[in-house]
1. Hey, got the dipole for segment A:82-199? About the Cα centre, +1 on K and R Cβ, -1 on D and E Cβ, debye to the nearest 20?
2. Can you figure out the FRET efficiency of residue B:163 with residue A:86, using R₀ = 30 Å and their beta-carbon distance, to the nearest 0.05?
3. Using a 10 Å cut-off around each Cβ, can you sort B:135, A:63 from fewest to most neighbouring Cβ atoms?
4. If you take each beta carbon of peptide B:160-169 and count the beta carbons of other chains within 10 angstrom, what is the mean?
5. Reported to two decimal places, what Rg/Rh ratio describes segment B:148-189 when computed on Cα atoms with Rh from the Kirkwood expression?
6. My understanding is that a pair violates if its Cα-Cα distance is over 23 Å; which of A:56/B:66; A:42/B:66; A:42/B:47 do that in this structure?
7. Place a label point 7 angstrom from the Cα of residue B:41 along the Cα-to-Cβ direction, then list the residues of segment A:25-43 whose backbone nitrogen is under 14 Å away.
8. Tell me the Rg and the Dmax, in Å, that the Cα atoms of segment A:82-199 produce.
2 protein chains.
Amino acid sequence: MAAPSRRGDPQRRMRPGGRSARVNEAVLAAVLDEIVESGYAKLSVEKVATRAQVHKATLYRRWANKEELVAEALLARAGRVVPTPDTGSLREDLRRLSHAIGAYLSSPSGQAVVRTLVSDAGQVPEIAVAVRAFWTERFARAGVIVERGVERGELSPDTDVAFFIERLIAPLFLRSLVTAEPIDAAYADRVIDALLEDRTAG
Amino acid sequence: MAAPSRRGDPQRRMRPGGRSARVNEAVLAAVLDEIVESGYAKLSVEKVATRAQVHKATLYRRWANKEELVAEALLARAGRVVPTPDTGSLREDLRRLSHAIGAYLSSPSGQAVVRTLVSDAGQVPEIAVAVRAFWTERFARAGVIVERGVERGELSPDTDVAFFIERLIAPLFLRSLVTAEPIDAAYADRVIDALLEDRTAG
């Protein structure tokens, strides 16, 4: 994924752990807090600057506009909260992955972030490109779990990795975004049971 | 589902095919056109009145606010475009249902409507209640297809009808709302094949 273009001095931005990195962190957190509290439609660079206690001019030096700011904030957070487990067991890896996704989708901040990705913000071209790149990358990471299962002989060699992942996570998103039904560990496990029932080798 | 409360003379509203019914139809169509063109956030009663060529006061006599108007418009349309087939074959019924859902989710108006249901509008309590009632009713209708399949012996008697329907439509919504991948008939058929593989009796 191409990094969003930024303004200002790249040296200053890149120094890890410095004042610049702290400002970045504070700004991206402020964006998410604003989205969680008020939604994407009401977000403005002014509100983010106030919340992060940063000058508006500082924000505009680093991000060209609200859209770049939102794209970066969404992707920075979501990539951090769902790990890719590697326990040596396909079922256990799938359980950990889908429990983490379910917990994220059930949390207020996860709900706000995913709804923002799906809603108006996802229709903004600058954000849509980043969002698609994000999902491609997340799906590829999740696919590694399935590939390892195939290598260990836990899944048949003709398993379609991407399709398997779609069917694993789709019911979680359906409940989170559409029907508003609970996503607990028992539900995630049922989805996995149903998937493994017809896909395990032998 | 309880009908949204409305103001004004119920006699006048209920006469089918009269001027009142035509105004209703024009207003609800105008709401959807506005959502498709500009999204929920920018919708206003004024814009709907202008597009439908109806006085704002007429709108306020029938609907208390923008939220009631949107809830009724969304539900009136979406219930009409996806039928419940009854061909005598489970697979054929599922194909027709999921092709219809896929076509709807792929159409510009279907995309706009579903994104509105999911996004900010779905967080407005008046709309959220109507939306939940809508999905409950749609799922129950789709479930009839699965129940007939169980009665005909095409599915095992222990089939969980609601879970089956979730797994049928979840991948379609995932592609429509999240990954923006195409939903064609071939994809819908793959989902059905995968579902029937492990659920058919005998």
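1. Around 260 debye, computed over segment A:82-199.
2. My answer for the efficiency is 0.55.
3. By the 10 Å Cβ count, ascending: B:135, A:63.
4. Going residue by residue through B:160-169 and averaging, the value is 3.
5. 1.12
6. A:56/B:66
7. What the label zone holds, given the 14 Å backbone N cut-off, is A:32, A:34-43.
8. 14.6, 43
Computed from the coordinates by the stated procedures, all read-outs in this text should not be read as laboratory data. Note that the structure is a prediction, hence the values are computed from the model and not measured. No Cβ is skipped: glycine too gets one built from the backbone with ideal geometry, and neighbour counts run over all protein chains shown.
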